Amino acid sequence: MDRRHFLLGALGAPIATRARAAPRRKVVIALFDGFGPEYFEKSDMPALRRIAANGGFKVVKGMLPSVTNVNNASLATASFPDEHGITTNFFYDPAKGTAEEMKSPRFLMKPTILEKASRAGWKTAIVSSKDKIRSLCSGGAAIVASAERPEPRFLEIAGKQESMYSAAVNHWSLRVARHLLKHEGVDLLYLSTTDYMMHTYAPGESQSLEHLHLIDKMLGEIFDDHPNLEFYLTADHGMNAKTRALDPVRLLRAAGIEAASAPLISDTHKVHHQDLGGSYYIYLRNPAEAAKALRALKAAPETGQAFTRGEAARKFRLMASRIGDIFALAKQDAVYGELDAVRKAVKVRTHGSLFEASVPIFIHGREVDLSRYHYNLDLTRHLDLEKA
């Protein structure tokens, strides 16, 4: 069922929602932004290490482009991008020649697990460090908290509003999550953090180690609060250091091909990534020049792979109507963006490419067959909300 028919059905007929008898399960779905496997490997995180030691750990594939909105939407709806429709952080509309953040729920074409759980009688909540995830994924949540735009009652619970360019903003979100689980009877909580620390610090740096150690300590406190808690954790992407950048539109123009684009990694927080990412959608003025454009892009030393719209849609399960004529993926040390030259040297930690698409999953509190888990979104695809 797509989101449109889900909502029409909800409006057109009474919803057979169960009375508020609390489910016997208490579930947390957590997406830690930028938490690639190397951050877990390098960090002192005893609570997560206990989960891994007990067999609840695996490295799987995230969705491409390896950016926040695409992967949060996939986890929150338990579906692939060709189903839910979120294909980027920043959506370029070639018909209008304009771009906007893909954070409005109007872009989302599948119901969230929070909506499904709410209809089944669960009390639901979402806590997000980034407000765009609150906007995109909060459908069905009875309680909504955003660290970026906190309501006064959450400031009383978790303390003052923290800068988005800090480790403390994620710790704020964990404090709110713990409160909601312990004191407000939440059965299903979706938790999403922000990746400023990963953009800023490599896995072994002291600031990163301190940030993740405290997060792990707070998770341990939540586990202590709820001995029967089901906990499912993954990431949207990893992170890599980048040293060279290419402007694909300028490159194609030099080859006599007119094109347009917008940085698909872009969002409100430019300090994180400087609008430089490891993948790019390119819209050709003349789509018949796709083969010529692909040759030019593939010949660029910064490019790892490039695909036509149809190839990309099939290979990465993307919605063809919401991507460019070409989908380009950079090499591990390279990024794409809008530059003042065809290429230049850069120094940035960022994501978006295949090289940031491996992510961990952690499962605690429920016996599962990990051989069934291949993608981050499998955490919710295999979460049976009807099962006691």
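Of the residues that sit in region 337-388 and are closer than 15 Å to V67 by Cα and among the hydroxyl-bearing types (S, T, Y), which one is surrounded by the fewest Cβ atoms within 10 Å (Cβ to Cβ)? Once the filter is applied, the top-ranked residue is S358. Condition check: among the acidic types (D, E), within 24 Å of M63 (Cβ to Cβ), out of contact with any His (no Cβ under 8 Å at 6 or more places or on another chain) and surrounded by fewer than 16 Cβ atoms within 10 Å (Cβ to Cβ). Does D275 satisfy that? No, not satisfied.
Taken over region 287-326, the criterion of being of a type in the set (A, V, I, L, M, F, W, C) and more than 19 Å from H84 (Cα to Cα) is satisfied by A288, A290, A291, A293, L294, A296, L297, A299, A300, A306, F307, I326. In region 76-88, the residues that are closer than 10 Å to L318 by Cβ form Cβ pairs under 7 Å with partners that are of a type in the set (S, T, N, Q) and outside any helix (DSSP H, G or I), at six or more places apart or across chains, as follows: P81/T87. The set of residues in region 246-265 being surrounded by 15 or more Cβ atoms within 10 Å (Cβ to Cβ) and in contact with a Leu (Cβ under 8 Å, 6 or more places away or on another chain) consists of L246, D247, P248, R250, L251, L252, I257, A259, P263, I265. Once region 156-195 is narrowed to residues that are polar (S, T, N, Q) and surrounded by fewer than 24 Cβ atoms within 10 Å (Cβ to Cβ), the residue that is nearest to K26 (Cα to Cα) is Q161. Only one of the listed residues (A145, A167, A125, A158) is among the small types (G, A, S), over 26 Å from V70 (Cα atoms) and in contact with a helix residue (DSSP H, G or I) (Cβ under 6 Å, 6 or more places away or on another chain). That residue is A158. Would you mind stating whether M198 is surrounded by 15 or more Cβ atoms within 10 Å (Cβ to Cβ) and within 19 Å of V348 (Cβ to Cβ)? Answer is yes for this residue. Applying the criterion of being basic (K, R) and not in a loop (DSSP other than H, G, I, E, B) to the residues of region 149-179, the residue that is nearest to V348 (Cα to Cα) is R175.
Residues of region 192-239 being farther than 18 Å from R50 by Cα and either under 15 Å from the mean Cα position of the chain (by Cα) or not assigned by TED's automatic domain parsing to the domain that holds M63 (or both), which ones?
Hits for region 192-239 are S192, T193, T194, D195, Y196, M198, H199, A235, D236, H237, G238, M239.
Restricting T234, T268, T243 to residues that are in contact with a Leu (Cβ under 6 Å, 6 or more places away or on another chain) and β-branched (V, I, T) narrows the list to T234. Of all the residues in region 60-88, those that are surrounded by fewer than 24 Cβ atoms within 10 Å (Cβ to Cβ) and in contact with a strand residue (DSSP E or B) (Cβ under 7 Å, 6 or more places away or on another chain) number 2.
The values are calculated or read from the model by the stated rules, or taken from the named source; none is laboratory data. Computed from a predicted model, the values in this text were never measured in an experiment. Counting neighbours? That spans all protein chains shown, and the Cβs are built from the backbone with ideal geometry, glycine included.
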